[in-house]
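Written below as structure tokens is the structure these notes are about.
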Amino acid sequence: MITTPFLQGMGTGAGLIIAIGAQNAFVLNQGLHRNHHLTVALICAMSDALLITLGLSGMGVVLAQSSEFAAWATWLGAVFLFWYGLRSFRSALRSGGLEPGERVRMGLGATVAATLAVTYLNPHVYLDTVLLLGSIGGRYPEAERFLFGAGAATASLAWFLALGLGARLLLPFFRHPRSWAALDVLVGLTMWGVAASLVTGALGA
């Protein structure tokens, strides 16, 4: 059945994408701040589509064999995630009773740069999209492989749009300053947790 690879791609992609991690925490945070949230969601979705395509084209095998790439991605990712986590903790300490739209927001350039960093400097992104989806989709014939990748990319687009645009439904809850502080702490812990796992994995390798 021609739709089977597409649906399997959607299911597999959704299973890998919908999880608490640095990228999802970042997208949710920007959505709550109404900080170029649509741009952030689209960058993440298009990045996933690109990485999925690379994985299905065989790039996953190349990256898996490149220890130098893995080392650079790991340490750069850990440094960025530690910095962003620290930024979130500092924000939690000075959280006030401002409305979401009144909170200090990053400019478009800084937001785009941070989105690209949290996406491409996180080795977990390559593990999920390039290696895992690439290896699973690679079992299909070439035509069905495209449908599998399209399904996974569709799941990514739907998820990030829902996460970025749907965050507005939580805005009434975040009118309380403690809610903003809790979110900042959660984002900080998530970023530091991922950074710690990267460093631990690199030192144990």
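The values are calculated or read from the model by the stated rules, or taken from the named source; none is laboratory data. The structure presented is a predicted model; accordingly, all values stated were derived computationally and were not measured. Don't worry about glycine lacking a Cβ; one is built from the backbone with ideal geometry, like all the others, and counts go over all protein chains shown.
Between 25, 45, the distinction of being out of contact with any Cys (no Cβ under 9 Å at 6 or more places or on another chain) and either assigned to a loop (DSSP other than H, G, I, E, B) or within 22 Å of residue 193 (Cβ to Cβ) (or both) belongs to 25 only.
Residues that are surrounded by 15 or more Cβ atoms within 10 Å (Cβ to Cβ) and modelled with pLDDT of 80 or more do not occur anywhere in the stretch 168-179. All of 188, 164 fail the test of being crowded, with 19+ Cβ neighbours inside 10 Å, in contact with a His (Cβ under 7 Å, 6 or more places away or on another chain) and either at pLDDT below 80 or farther than 14 Å from residue 6 by Cα (or both), apart from 164. Out of the residues in the stretch 126-157 meeting the condition of being in a helix (DSSP H, G or I) and of a type in the set (D, E, K, R), tell me which one is surrounded by the most Cβ atoms within 10 Å (Cβ to Cβ). Across the stretch 126-157, the extreme among qualifying residues is 128. Within the stretch 123-164, the set of residues being among the basic types (Lys, Arg) and in contact (Cβ under 8 Å) with a residue 12 or more places away in the chain comprises 145 only.
Please verify whether the stretch 44-54 includes one or more residues that are more than 25 Å from residue 191 (Cα to Cα) and either loosely packed, with under 14 Cβ neighbours inside 10 Å or modelled with pLDDT of 85 or more (or both). Quick ask: steps written out before the conclusion?
Within the stretch 44-54, the subset more than 25 Å from residue 191 (Cα to Cα) is 53-54.
Those still in the list that are either loosely packed, with under 14 Cβ neighbours inside 10 Å or modelled with pLDDT of 85 or more (or both) too: 53-54.
Checking the stretch 44-54: at least one residue is more than 25 Å from residue 191 (Cα to Cα) and either loosely packed, with under 14 Cβ neighbours inside 10 Å or modelled with pLDDT of 85 or more (or both).
Do we find a residue being basic (Lys, Arg), under 21 Å from the mean Cα position of the chain (by Cα) and under 24 Å from residue 48 (Cα atoms) anywhere in the stretch 143-160? The answer is no; no qualifying residue exists. One residue stands out among those in the stretch 88-125 that are in a loop (DSSP other than H, G, I, E, B) and of a type in the set (A, V, I, L, M): the one that is modelled with the highest pLDDT, which is 121.
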